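> One structure coming up, written as structure tokens, with questions to follow.
The values are calculated or read from the model by the stated rules, or taken from the named source; none is laboratory data. Note that the structure is predicted; figures quoted are calculated from it, not measured. FYI the Cβ positions are ideal-geometry reconstructions off the backbone, even for glycines, and counts take in every protein chain you see.
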Amino acid sequence: MSKKIGQEITSTQDFEIELTLSGNKLLVKEGDKGFVDSKGNVHYTTGQARGKIQCLTNIELKGYDYENIAKMIFKRIKNEFGLSEYLEDYEISEKDLVNEIEDILSDIL
């Protein structure tokens, strides 16, 4: 299975993951989302497994998903610093800011 670093993935079926330290099992439901990191791990962002990381051994990494990485950066900064009002005051669209972040990432990575 080939994926890009930063790519958002959506579960296509229900399955369980086992937590490494506790051995507890969590249900990942169809439609739950996560993203792929640079080591091939999936970081779940929705559902019961939100905040958990699953190590995948059968994943091949090919490049970067600049757009999704830019969206994640923007979302984090927006929530952390309350940028909504600032963007409105200066008439900057979220899409324009995400595009700028994406351009910077494509220059760097």
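> Please verify whether residue 29 is in the same structural domain as residue 16 (by TED's automatic domain parsing) and either surrounded by 14 or more Cβ atoms within 10 Å (Cβ to Cβ) or at pLDDT 95 or above (or both), treating the condition exactly as stated.
yes
> Mind counting the residues in the stretch 41-58 that are part of a loop (DSSP other than H, G, I, E, B) and either in contact with a strand residue (DSSP E or B) (Cβ under 6 Å, 6 or more places away or on another chain) or farther than 19 Å from residue 73 by Cα (or both)?
Total satisfying the criteria: 10.
> Would you pick out the residues in the stretch 2-39 that are within 20 Å of residue 67 (Cβ to Cβ) and outside any strand (DSSP E or B)? Even if it seems obvious, please write down each step before you answer.
Filtering the stretch 2-39 down to residues within 20 Å of residue 67 (Cβ to Cβ) leaves 2-10, 33-38.
Within the stretch 2-39, 6, 7, 37, 38 qualify.
> Which condition number does residue 51 fail, the rest of (1) surrounded by fewer than 16 Cβ atoms within 10 Å (Cβ to Cβ); (2) closer than 30 Å to residue 22 by Cβ; (3) not assigned by TED's automatic domain parsing to the domain that holds residue 8 being met?
Of the numbered conditions (1) surrounded by fewer than 16 Cβ atoms within 10 Å (Cβ to Cβ); (2) closer than 30 Å to residue 22 by Cβ; (3) not assigned by TED's automatic domain parsing to the domain that holds residue 8, the odd one out for residue 51 is (3).
> Sticking with this structure for a sec: Within the stretch 90-109, which residues are in a loop (DSSP other than H, G, I, E, B) and surrounded by 14 or more Cβ atoms within 10 Å (Cβ to Cβ)?
Listed by number, the list is empty, since nothing qualifies.
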